[in-house]
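Just below is one structure, and these are the notes that go with it.
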Amino acid sequence: MKFVRWLLGRLILAIDFLTRPKTVVRDTDEQSALDQKTAKLALYQFEACPFCVKVRRQIRRQGLRIELRDAKNNPLFSKELATQGGKHKVPCLRIESDDNTVTWLYESNDINAFLQKEFGQSEAA
Ligand SMILES: N[C@@H](CCC(=O)N[C@@H](CS)C(=O)NCC(=O)O)C(=O)O
């Protein structure tokens with residue numbers, strides 16, 4: 001069962017790699033302004049989780065630079081997700097606002113909707 005799961009994971013990653021969406025290209029100033037905004041975001045995720053792949057593809061499509069935190073292999077991130085986020089489920093976007101309030105956003109559809117609403121502009125895959 002573990003092997004089948006591993007195999008499925010590799011298959012998901014291979015398909016993701018072969019069908020990578022195009023990324024938005026911005027001029028340097030625009031990209032660095034955006035990078036400043038996304039510096040306060042972090043995506044807790046597993047490498048081969050299909051829901052995480054979905055969010056990573058959206059991030060790529062929109063040309064966002066968001067730190068990826070491996071909540072499977074990194075015990076610190078794993079613990080943070082469970083204790084601060086409230087549940088050990090990925091993907092989860094940690095959003096730190098300007099007043100340092102932290103929101104933990106779960107559910108891939110909700111994360112993608114948030115990214116689209118906040119940062120717009122994504123090119124077709
Ligand atoms: N409906 C959720 C499903 C997320 C989900 O099922 N994630 C799995 C990994 S693929 C998970 O976090 N399981 C808990 C665990 O493995 O600890 C979404 O779209 O984000």
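The values are calculated or read from the model by the stated rules, or taken from the named source; none is laboratory data. Everything numeric in this text was worked out from a predicted model, so none of it was measured. Cβ: placed from backbone, ideal geometry, glycine included. Neighbour counts: every protein chain shown. Side chains included, ligands, DNA and RNA excluded: accessible areas come from the protein's heavy atoms. Shrake-Rupley method; radii C 1.70, N 1.55, O 1.52, S 1.80 Å.
Structure data summary
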| item | result |
| --- | --- |
| Checking Ile111 against (1) free of Cβ contacts under 8 Å to residues at least 12 places away in the same chain; (2) within 11 Å of the ligand (Cβ to nearest atom); (3) of a type in the set (A, V, I, L, M, F, W, C), the condition it does not meet | (1) |
| Conditions (1) open to solvent by less than 30 Å² (accessible area, probe 1.4 Å); (2) outside any strand (DSSP E or B); number of the one not met by Phe114 | (1) |
| Subset of the range 52-65 [open to solvent by 20 Å² or more (accessible area, probe 1.4 Å) and under 16 Å from Gly120 (Cβ atoms)] | Arg60, Arg61, Arg65 |
| Complete set of residues in the range 24-43 that are open to solvent by 90 Å² or more (accessible area, probe 1.4 Å) and within 16 Å of the chain's Cα centre (by Cα) | Lys37 |
| Filter pass, Gln84 being at pLDDT 95 or above and open to solvent by less than 40 Å² (accessible area, probe 1.4 Å) | no |
| Checking Ser78 against (1) part of a strand (DSSP E or B); (2) over 27 Å from Lys117 (Cβ atoms), the condition it does not meet | (1) |
| The lone exception for Pro21 - which of (1) touching a residue at least 24 places away in the same chain (Cβ under 8 Å); (2) surrounded by 13 or more Cβ atoms within 10 Å (Cβ to Cβ); (3) within 16 Å of the ligand (Cβ to nearest atom); (4) not hydroxyl-bearing (Ser, Thr, Tyr) it fails | (3) |
| Within the range 32-55, tally of residues that are within 12 Å of the ligand (Cβ to nearest atom), in a helix (DSSP H, G or I) and among the charged types (D, E, K, R) | 1 |
| Selection within the range 87-103 - within 15 Å of the ligand (Cβ to nearest atom), open to solvent by 40 Å² or more (accessible area, probe 1.4 Å) and under 23 Å from Gly120 (Cα atoms) | Arg94 |
